[in-house]
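Engineer: Quick one: this structure, given as structure tokens, is what I'll be asking you about.
What follows draws every value from the coordinates through simple rules; no lab data is involved. Being a predicted model, the structure only gives us computed values, none of them experimental. Backbone-built Cβ (ideal geometry, glycine too); neighbour counts: all protein chains shown.
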Amino acid sequence: METKTAFTPQLVIPNGVTDISFYTRAFNAVEQWRLNNDDGSVHVAGLKIDGALFHIHEQMPGSYAFSPGKHNGTTVTVGLMVDDVHAVFAQAVAAGATAKSPVQDYDYGYRQGEIVDPFGHHWTIEKIFNPDILINQNYGK
């Protein structure tokens, strides 16, 4: 079977987490598989959002990957492209996310809103609403 190139983010969570249903409730993610520890906590799980795979993995000793709470921040924001930014943003907040910036249209042709999930991961819910702006502008040049 040939593998198609794709990004598959791995979101690190604290040890001892047993409930990762936020992703199902917020983004209609479908859990593909899960490996639990002996105590029932999540070791690693694979989920898909509309066919896009990502992983949830517990923080491991000696690893350089940390859950956001470990250092009160994150080095990555997950961009989630969707058709209806307002609906997905509202669904994520209803599922337990914290709204960081409301959904709004930006002059570079994107509609975006930012949330933080219950594990501290930052997400930008977004859509390109005007691709002509991106094509006709030379941002940063």
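Engineer: Rounded to the nearest 10 degrees, what's the angle between the helix 85-94 long axis and the longest principal axis of the chain, both from Cα atoms, 0 to 90?
Structural biologist: 30 degrees
Engineer: Pick from GLY79, GLY109, GLY62 the residue whose mean-square fluctuation is largest in a GNM of the chain, springs joining Cα atoms under 10 Å.
Structural biologist: In this elastic network of the chain, the residue with the biggest mean-square fluctuation among GLY79, GLY109, GLY62 is GLY62.
Engineer: Between ASN28 and GLN10, what is 0.36 nm times their sequence separation minus the Cα-Cα distance? Round to one decimal in nm.
Structural biologist: 4.7 nm
Engineer: Still on this structure, I have one more. Using r as the Cβ-Cβ distance of LYS100 and ILE133, and R0 as 30 Å, what FRET efficiency do you calculate, to the nearest 0.05?
Structural biologist: Calculated value: 0.80.
Engineer: Check the chain and count each lysine pair with an alpha-carbon distance under 26 angstrom, considering only pairs eight or more places apart or from different chains.
Structural biologist: 8
Engineer: Per residue of segment 127-133, in order, report the coupling 6.51 cos²θ - 1.76 cosθ + 1.60 (Karplus, θ = phi - 60°) as ³J(HN,Hα) in whole Hz, putting x for Gly and Pro.
Structural biologist: 8, 7, 9, 9, x, 4, 4
Engineer: Show that you can apply the helix-only estimate: for the chain, add -39,500 (n - 2.57) for every DSSP H stretch of four or more residues, divide by all residues, and state [θ] at 222 nm to the nearest 500.
Structural biologist: Estimated from H runs of four or more residues: -4000 deg cm²/dmol.
Engineer: Could you identify which residue out of LEU80, LEU47, LEU35 has the top mean-square fluctuation in a GNM of the chain using Cα springs shorter than 10 Å?
Structural biologist: Comparing LEU80, LEU47, LEU35 in the GNM, the peak value goes to LEU35.
Engineer: Regarding segment 1-124, what whole-number volume in Å³ per residue does the convex hull of its Cα atoms give?
Structural biologist: Dividing the Cα hull volume of segment 1-124 by its residue count gives 138 Å³.
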